[in-house]
Amino acid sequence: MSRVVVVSGNPRPGSRTSTLAVAVGEALASEPPAVIEVGSLGPGLLTPGDEATAAAVTLLKEAEVLVVATPTYKGSYTGVLKVLLDYLPAQALAGKRAIPVVTAGVAPQAAAAEALLRQLLTELGADVAPGLPVVEADLPESKAIAEAYSARTAS
């Protein structure tokens, strides 16, 4: 079981959103976090019985802390992230800490999408920590942003 699991809901694996999410996971964990790149699941995300998707769902269920990241698409989290989270039954994240990490072009857009992701994680039973909305212009500073977030929320 991995204590910290990072979920990057960007349809494009290795994105700047993913880089930020992994930096947050590393800042929170004593060992490297497990990473789910939802975009890497490809068509399997919509294929019943897909092994990679089932493995991702298992990681979600076994995590203690989830860093759930998404760029803002159409004012909200991405569809591929929602599809993955739809595999979870009601209250599947009960007892788990979840950190919503959202990137967007402007701060109000990031904050609005973070609120929507927070609602989704709460609906799944997670104990949702303060979110991390980040504007795209700040993404080159992902490591520093992650370390500051970790220090701010550690107390």
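In a residue-by-residue description of segment 40-53, the property of being in contact with a Leu (Cβ under 9 Å, 6 or more places away or on another chain) and either within 16 Å of Val128 (Cα to Cα) or of a type in the set (Lys, Arg) (or both) applies to no position. Listed conditions (1) open to solvent by less than 20 Å² (accessible area, probe 1.4 Å); (2) under 16 Å from the mean Cα position of the chain (by Cα); (3) over 19 Å from Leu117 (Cα atoms); (4) of a type outside the set (Phe, Trp, Tyr) are all met by Gly44, apart from (2).
Hey, could you check segment 119-135 for residues that are over 22 Å from Ala92 (Cα atoms) and touching a strand residue (DSSP E or B) at 6+ places or on another chain (Cβ under 6 Å) and say which is surrounded by the most Cβ atoms within 10 Å (Cβ to Cβ)? The selected residue is Val134.
One residue stands out among those in segment 65-103 that are among the charged types (D, E, K, R), more than 13 Å from Val38 (Cβ to Cβ) and modelled with pLDDT of 95 or more: the one that is least open to solvent (accessible area, probe 1.4 Å), which is Lys96. Listed by position, the strands (runs of 3 or more DSSP E) enclosed by segment 1-107 that each have at least 3 residues that are within 20 Å of Gly125 (Cβ to Cβ) are 4-8, 65-71, 97-104. Of the residues Glu62, Glu31, the single one that is under 16 Å from Ala146 (Cα atoms) and open to solvent by 20 Å² or more (accessible area, probe 1.4 Å) is Glu31.
The values are calculated or read from the model by the stated rules, or taken from the named source; none is laboratory data. Computed from a prediction, not measured in an experiment: that's the story for all the values here. Note that we place each Cβ from the backbone using ideal geometry, even for glycine, and neighbour counts take in every protein chain shown. Surface areas here come from the heavy atoms of the whole protein model, side chains and all, with no ligands, DNA or RNA. Shrake-Rupley method; radii C 1.70, N 1.55, O 1.52, S 1.80 Å.
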